[in-house]
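To start, the structure under review is shown below, and the notes come after it.
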Amino acid sequence: MQRRLVIVGGDAAGMSAAAQARRSSKPETLEIVAFERGTHTSYAACGLPYLVGGFVTAADKLVARSPEEHRARGIDVRTRHEVIAIDPGASTVTVRDLDGGVERSERWDALLIATGAEGVMPRWPGVDAAGVFQLRTLDHAAMVEARIAAGARRGVVVGAGYIGIEVAEGLLARGLSVTVVERLDAPMGTVLDADMSGAIAESMRAAGVDLRLGVSVEGFEADGGEVCAVRTGAGTIPADLVIVGLGVRPNVAVARTAGIRIGDAGGIVVDERLRTSLPNVWAAGDCVESRHRISGASVVVALGTHANKQGRAAGTVIAGGEASFPGVLGTAITRFRDLEIARTGLGEREAAAAGFAAYATLTEASSRAHYFPGAQSMRIKLVAERGSGRLLGAQIVGGAGSGKRIDVLATALWNRMTVQEIGEMDLSYAPPFSPVWDPVLLAAGRAAASR
Ligand SMILES: Cc1cc2nc3c(=O)[nH]c(=O)nc-3n(C[C@H](O)[C@H](O)[C@H](O)COP(=O)(O)OP(=O)(O)OC[C@H]3O[C@@H](n4cnc5c(N)ncnc54)[C@H](O)[C@@H]3O)c2cc1C
């Protein structure tokens, strides 16, 4: 008998699940239908700041698989179709065709909710002025592009988190003057400890960004409907183009219509096999809460890495296989021009809040042997448990070659290693790649000595 899998949301989590379910089961046994309200499927939102910045030269390079390609692989994708309600009793969804305006009921045997997240966008006065954007989809990127092509010269970025600093780099690269307005006292203040963000602020200012820290946006001014300034608590900033990057919250609107359990962090509650509180309904990606492997808390960490893995696991399970999603560390990396910024696990404040007797060490190190051309400095912060020396988290800020070292520390963290054990690991060395004592070993040695 043929079962019918319906997927709500056609990007990272939804289409990973669809592809995995298709690989695991024949079309005769499983029909797969994905509804996506937007115009694209399987696109790399992560590449959007680099598209805006001109580092990626064409939007279609960010599309991994078009709806036609999915259909050719046996996945019935319907773009511009929004799921507006789920009826778990009848095992149906109500779908609105956004072009035709028609609403239909579609039956499912298995349902996957992969509706992602929505950007935080306060209802500031003037927020609807033309030229005020978020950057979450290819359509948004096209609108930003059109604005630049129409002559925008003064860009204001609201928020100095991951997206804010990536967009600031991009707008600078396009020749705009760039102001970044951030309510906190440091860039990346929600993801890095304060003693790690100084170099980011320095680097942004050195590149020409007018970085305004500790400043809150109050609204926008428009001229003939077009944004012309950003009003803040510390004065008005002229603007032709504004990009708001204030973080995201899980998009659980459709899940709520079915009475699916939503957790304290605001995401859909799922177990390790991505099952929701309703039978035959799964969820994956930015819309769900995950277990933090260090704090044990249910958290929303909206990252493409998790969305793809969760989607794949959900697809396997729905097709009758064995898979699970084992939780997150929140490992993430970004850059501002040449400065690489990475983190994993808990920061110092987070570790204390989670109840650990935590301590932290800072280590300055070089990316290569000091005599080798191109050696770059980096700062590594390790957070560990006092006494046992168990690693709880790590942050790295530094020049080329520093950021991906976070993956060694994430691996150690995943495996519950102590800083003593990390300091003894057999890591590679040759002068173009590291000093004899790799920065990770140096940092771990320092943390071990301080425990
Ligand atoms: C600018 C930017 C840069 C990023 N950079 C990185 C990075 O460097 N590294 C990283 O790991 N992550 C990054 N991310 C995050 C990453 O893109 C997301 O974590 C990932 O896309 C989440 O996948 P998802 O499938 O859960 O959600 P989404 O990609 O948001 O997809 C959800 C889809 O569901 C659709 N949808 C929602 N509701 C409905 C409905 N009712 N009916 C039909 N369709 C619906 C939406 O239109 C959307 O296409 C970035 C995100 C952005 C925006």
Enter the Cα centre distance for the pair segment 64-106 and segment 122-197, rounded to the nearest angstrom.
32
Largest first, how would K381, K61 line up by accessible area (1.4 Å probe)?
K61, K381
Could you check the spin-label model distance between R273 and A85? Points 7 Å from the Cα along Cα→Cβ, value in nm.
3.1
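S450 to T39: extension gain in nm, 0.36 nm per residue of separation minus the Cα-Cα distance? Don't skip to the end; give the middle numbers.
Details: separation 411, 0.36 × 411 = 147.96 nm, distance 5.41 nm.
Separation in residues times 0.36 nm, less the Cα-Cα distance, equals 142.6 nm.
Averaged over all directions, how much area does the convex hull of the C-alpha atoms of segment 1-114 cover when projected, in nm²?
Working: hull surface 30.9 nm².
Taking a quarter of the hull surface, the average projection is 7.7 nm².
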Roughly how many debye, to the nearest 20, is the charge dipole of segment 341-449 about its Cα centre, given +1 on each Lys and Arg Cβ, -1 on each Asp and Glu Cβ, and no other charges?
220
Computed magnitude of the charge dipole of segment 121-246 (debye, nearest 20; Cβ of K, R +1, Cβ of D, E -1):
160
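Could you give the dipole magnitude of the chain about its Cα centre, charging the beta-carbon of Lys and Arg +1 and that of Asp and Glu -1, in debye to the nearest 20? Display every interim value, and only then the final one.
Values: 48 positive and 49 negative charges, 142 e Å.
Result for the chain is approximately 680 debye, rounded to the nearest 20.
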Under a crude label model (7 Å from the Cα following the beta-carbon direction), how far is R416 from F372 in nanometres?
3.6
Considering only protein heavy atoms, what is the solvent-accessible area of W414 at a probe of 1.4 Å, reported in Å² to the nearest 10?
100
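Ignoring any ligand, DNA or RNA, what whole percent of the accessible area of segment 121-246 comes from carbon and sulfur when the probe is 1.4 angstrom? Write down the numbers at each step before the final one.
On the way: 2490 of 4920 Å².
The value for segment 121-246 is 50 percent carbon and sulfur by accessible area.
For the full complex of protein chains and a 1.4 angstrom probe, list M1, M143, M417, M204 by accessible area with the highest value first. Write out the running numbers ahead of the final one.
On the way: M1 200, M143 90, M417 40, M204 0 Å².
Final ranking, largest accessible area leading: M1, M143, M417, M204.
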What figure, in Å² to the nearest 10, do you get for the accessible area of S324 with a 1.4 Å probe and non-protein molecules left out?
60
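Can you tally the lysine pairs in the chain where the Cα-Cα distance is under 29 Å and the two residues are eight or more apart, or on different chains? Walk me through the numbers before you get to the answer.
Numbers: K26/K309; K61/K309; K61/K404; K309/K381; K309/K404; K381/K404.
Pairs that pass both the separation and distance tests number 6.
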When every alpha-carbon pair in segment 341-449 is counted, what percent end up more than 25 Å apart?
15
Note on the chain: contact order normalised by length, alpha-carbon pairs under 8 Å, 6 or more apart, percent, works out to 14
With every protein chain in place, the accessible area of T57 for a 1.4 Å probe, in Å² rounded to the nearest 10, comes to 110
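If I take all pairs of Cα atoms in the chain, what percentage of them are more than 37 Å from each other? If you can, show how the numbers build up before the last one.
Numbers: 32323 of 101475 pairs.
The proportion of pairs with Cα distances above 37 Å equals 32 percent.
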Under the definition of Cα pairs under 8 Å and six or more residues apart, what whole-number percent is the relative contact order of segment 121-246?
36
Rounded to a whole %, the carbon-and-sulfur portion of the accessible area of segment 341-449 at a 1.4 Å probe is 56
Pairwise FRET efficiency - A173 versus D139, Cβ, R0 = 30 Å, nearest 0.05:
0.90
Show E36, E322 ordered by accessible area, largest first, where the area counts protein heavy atoms only and the probe is 1.4 Å.
E322, E36
Solvent-accessible area per residue, Å², over segment 190-258 with all protein chains present [probe radius 1.4 Å]
42
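If segment 322-387 were replaced by its equivalent ellipsoid, with semi-axes equal to the square roots of 5 times the Cα gyration tensor eigenvalues, what would those be, largest first, whole Å?
On the way: eigenvalues 158, 71, 24 Å².
Equivalent-ellipsoid dimensions as semi-axes: 28, 19, 11 Å.
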At what distance in angstrom do the alpha carbon centres of segment 362-432 and segment 218-290 lie from each other?
33
Note, segment 404-413: 3J(HN,Hα) by Karplus (6.51, -1.76, 1.60, θ = phi - 60°), whole Hz, Gly/Pro = x, goes 6, 5, 4, 5, 5, 5, 5, 5, 5, 5
What is the list of residues in segment 136-156 whose amide nitrogen lies under 11 Å from a point 7 angstrom out from the Cα of D210, following Cα to Cβ?
154-156
Of the peptides 262-272, 368-378, 178-188, how do they stack up when ordered by the mean number of other Cβ atoms within 10 Å, highest first?
178-188, 262-272, 368-378
Along the principal axes of its C-alpha atoms, what lengths does segment 209-294 span, in descending order and rounded to whole Å?
53, 35, 18
Charge-dipole axis of the chain as Lys and Arg at +1 and Asp and Glu at -1 on Cβ define it, positive-most pick from T92, G159, V248:
T92
For segment 36-57, list residues with backbone N below 15 Å from a point placed 7 Å from the Cα of A149 toward its Cβ?
52-54, 57
Report ³J(HN,Hα) in whole Hz for each residue of segment 192-198, in order, from the Karplus equation J = 6.51 cos²θ - 1.76 cosθ + 1.60 where θ = phi - 60°; Gly and Pro get x.
10, 6, 4, 6, 10, 9, x
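The values are calculated or read from the model by the stated rules, or taken from the named source; none is laboratory data. Everything numeric here is computed off the predicted structure, so don't read it as measured data. Every residue, glycine as well, gets a Cβ built from its backbone with ideal geometry; the counts of neighbours run over all protein chains shown. Calculation scope for accessible area: heavy atoms of the full protein, side chains included, ligands and nucleic acids excluded. Shrake-Rupley method; radii C 1.70, N 1.55, O 1.52, S 1.80 Å.
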